[in-house]
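Just below is one structure, and these are the notes that go with it.
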């Protein structure tokens, strides 16, 4: 599949803030960044929900989204993601409908089972129950959003009695719905069952490829008489750009190593990805094509490679990591907006065709221009000539 005529560009804001920094200031920078992305013309920002482990400090994406909505004009704002097993599904649906009205249709509901096991354990939820609970909750939410018939549903963790939304969505028929897909096929299975969009990592863990994941979604959709669309599949990529690869790596190497080793490996318990020195992790991940640390051309190449390996998708989400200075991070997004987005959103086709047309006629145009200039000069000289007076 070719990429869509206008591919979406956005961010996935977990967020990741290094332990030891002022969290209040970090949240303010997150809001400021979304303002900057709105100015640059990015399409969307997805905001996470986490409750433990020290780095990912937004507990309610809905509250954060409302603050961001007041500061922005056009960018769409999604929950990336609400951990469904932690909430009654009626409350999730009602809060999102309220946001849909308050933002005049700029919200999106992204859901997942809950990424941090430490969150689930604090709530007394067994990790192996998270994905089945996510599906039960989503079944209720889809009914509440798509039907005006009351819903009675009882599970081992929530009960609904004649439940309905008394405030219907602002967006018709409802705001976009997406599910996270990372290490297991659960997200793709749920996308297929309910016809959802997908927020997936660009380098799946385990034995699955991107093509495998999409096949699971399509096969499940066929079995459930729903539809999944590649245009609704966003891939999350770790990206940092600068004018040169060397500068981009210099910007992020130290804090990128801390992000991966101190948080994902030492705090979260992920297996060692690389045995290199911590400050070499960014270079190693880039060499493996797991991250894109480089120039705008490198990101263009990354998107084209992901397109070839996946069979096609609809959007790129930059996984926002607080791994460089404020100015370097803002500049990285500006490089994406100026030099990468236009190549995948149709912005340059008319300009390129116009320039190529002019270039192909350059000699003809030069001749015509010189002739017109010469004629204008001759007319001027003639107008200044005064006939000699008779003696």
Checked the range 100-125 for anything within 23 Å of the chain's Cα centre (by Cα) and farther than 21 Å from residue 226 by Cα; matches are 100, 101, 102, 103, 104, 105, 106, 107, 113, 114, 115, 116
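Out of the residues in the range 297-311 that are touching a residue at least 60 places away in the same chain (Cβ under 8 Å) and out of contact with any helix residue (DSSP H, G or I) (no Cβ under 8 Å at 6 or more places or on another chain), which is surrounded by the most Cβ atoms within 10 Å (Cβ to Cβ)?
Narrowing the range 297-311 to residues touching a residue at least 60 places away in the same chain (Cβ under 8 Å): 299, 302-303, 306-307, 309-311.
Subset that is out of contact with any helix residue (DSSP H, G or I) (no Cβ under 8 Å at 6 or more places or on another chain): 302, 307.
Working: 302: 21, 307: 18.
Applying the filter and picking the extreme gives 302.
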What strands (runs of 3 or more DSSP E), lying completely within the range 126-218, carry at least 3 residues that are more than 27 Å from the chain's Cα centre (by Cα) and over 29 Å from residue 319 (Cα atoms)? 151-154, 159-163
Can we say residue 49 is in a loop (DSSP other than H, G, I, E, B), under 21 Å from residue 102 (Cα atoms) and in contact (Cβ under 8 Å) with a residue 12 or more places away in the chain? yes
Of (1) in contact with a strand residue (DSSP E or B) (Cβ under 7 Å, 6 or more places away or on another chain); (2) not in a helix (DSSP H, G or I), residue 276 fails just (1)
Going through the range 219-241 one residue at a time, which ones are more than 19 Å from residue 315 (Cβ to Cβ) and surrounded by fewer than 18 Cβ atoms within 10 Å (Cβ to Cβ)? 219, 222, 223, 224, 225, 226
Restricting the range 257-271 to residues that are part of a loop (DSSP other than H, G, I, E, B), out of contact with any helix residue (DSSP H, G or I) (no Cβ under 6 Å at 6 or more places or on another chain) and without any contact (Cβ under 8 Å) to a residue 40 or more places away in the chain, which is surrounded by the fewest Cβ atoms within 10 Å (Cβ to Cβ)? 271
Which of (1) assigned to a loop (DSSP other than H, G, I, E, B); (2) at pLDDT 95 or above; (3) more than 21 Å from the chain's Cα centre (by Cα) is the odd one out, the single condition residue 312 does not satisfy? (3)
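State whether the residues of the range 292-306 include one that is more than 30 Å from residue 3 (Cα to Cα) and in a helix (DSSP H, G or I). Show your work before the answer.
Going residue by residue through the range 292-306, those that are more than 30 Å from residue 3 (Cα to Cα) are none.
For the range 292-306, residues more than 30 Å from residue 3 (Cα to Cα) and in a helix (DSSP H, G or I): absent.
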Suppose the filter is outside any helix (DSSP H, G or I), out of contact with any strand residue (DSSP E or B) (no Cβ under 6 Å at 6 or more places or on another chain) and in the same structural domain as residue 179 (by TED's automatic domain parsing); does residue 67 pass it? no
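Regarding the range 214-232, can at least one residue be identified that is out of contact with any helix residue (DSSP H, G or I) (no Cβ under 9 Å at 6 or more places or on another chain) and under 25 Å from residue 9 (Cβ atoms)?
Looking only at the range 214-232, we keep the residues that are out of contact with any helix residue (DSSP H, G or I) (no Cβ under 9 Å at 6 or more places or on another chain), and these are 225, 229, 231.
Still in the list and also under 25 Å from residue 9 (Cβ atoms): 229, 231.
Looking for residues that are out of contact with any helix residue (DSSP H, G or I) (no Cβ under 9 Å at 6 or more places or on another chain) and under 25 Å from residue 9 (Cβ atoms), one finds at least one in the range 214-232, hence yes.
Report yes if residue 95 is touching a helix residue (DSSP H, G or I) at 6+ places or on another chain (Cβ under 7 Å), over 27 Å from residue 327 (Cα atoms) and modelled with pLDDT of 95 or more, otherwise no. Step through it out loud before you land on a result.
On the way: touching a helix residue (DSSP H, G or I) at 6+ places or on another chain (Cβ under 7 Å): yes; over 27 Å from residue 327 (Cα atoms): yes; modelled with pLDDT of 95 or more: yes.
Here the answer is yes, as residue 95 does meet what is asked.
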Could you count how many residues in the range 315-352 are touching a strand residue (DSSP E or B) at 6+ places or on another chain (Cβ under 6 Å) and part of a helix (DSSP H, G or I)? 3
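The values are calculated or read from the model by the stated rules, or taken from the named source; none is laboratory data. Nothing here was measured: the structure is a model prediction, and the numbers come from that model. No Cβ is skipped: glycine too gets one built from the backbone with ideal geometry, and neighbour counts run over all protein chains shown.
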